[in-house]
Amino acid sequence: MNDDWSLLDVSRIDEVAALLGSELSSVLAESHANLARNLGILDDPPSIDAFTRASHAIASASLQLGMSRLGEDARKLERTAPSLSVEDRAAAARTLRELATRSRAALEAHLAR
């Protein structure tokens with residue numbers, strides 16, 4: 001089994017896909033655009049508040065769409081960000097971006113099956 005499947009809550013994805021039907025592709029496009037915007041904020045946050053808000057937005061949207069690992073990691077980052085150094089926040093943002101890339105690919109592969 002592909003290790004990237006562990007990134008997903010496939011029952012949630014299937015539930016969302018059934019609920020949204022033909023609107024799924026537009027919802028995913030908007031979600032991916034918001035994810036990219038929020039990851040950009042993590043890369044160069046104007047403040048710690050902006051960093052935690054972006055982490056929260058990533059967590060919420062990811063969990064709603066079934067990208068469970070990304071959602072949980074973003075939620076953890078949201079909670080711990082204020083206690084991390086600037087360098088550690090930057091490293092965590094890079095790791096979250098890599099996870100987002102893998103999660104999106106796994107989501108798209110699941111939906112294409």
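Go through the range 17-64 and give me each residue that's more than 19 Å from residue 91 (Cα to Cα), of a type in the set (Gly, Ala, Ser) and over 14 Å from the mean Cα position of the chain (by Cα).
Answer for the range 17-64, where residues must be more than 19 Å from residue 91 (Cα to Cα), of a type in the set (Gly, Ala, Ser) and over 14 Å from the mean Cα position of the chain (by Cα): 17, 18, 21, 22, 25, 26.
Within the range 36-50, is even one residue at pLDDT 95 or above, under 16 Å from residue 105 (Cβ atoms) and out of contact with any helix residue (DSSP H, G or I) (no Cβ under 6 Å at 6 or more places or on another chain)?
The answer is yes, given that some residue of the range 36-50 is at pLDDT 95 or above, under 16 Å from residue 105 (Cβ atoms) and out of contact with any helix residue (DSSP H, G or I) (no Cβ under 6 Å at 6 or more places or on another chain).
Tell me yes or no: at least one residue of the range 53-65 is in contact with a Leu (Cβ under 6 Å, 6 or more places away or on another chain) and polar (S, T, N, Q). Talk me through it step by step, then tell me what you get.
Just the residues of the range 53-65 that are in contact with a Leu (Cβ under 6 Å, 6 or more places away or on another chain), to begin with: 54-55, 62.
Filter once more, so that each one left must be polar (S, T, N, Q): 55, 62.
There is at least one residue in the range 53-65 that is in contact with a Leu (Cβ under 6 Å, 6 or more places away or on another chain) and polar (S, T, N, Q).
The values are calculated or read from the model by the stated rules, or taken from the named source; none is laboratory data. Since the model is a prediction, treat every value here as computed from it, not as a measurement. Note that we place each Cβ from the backbone using ideal geometry, even for glycine, and neighbour counts take in every protein chain shown.
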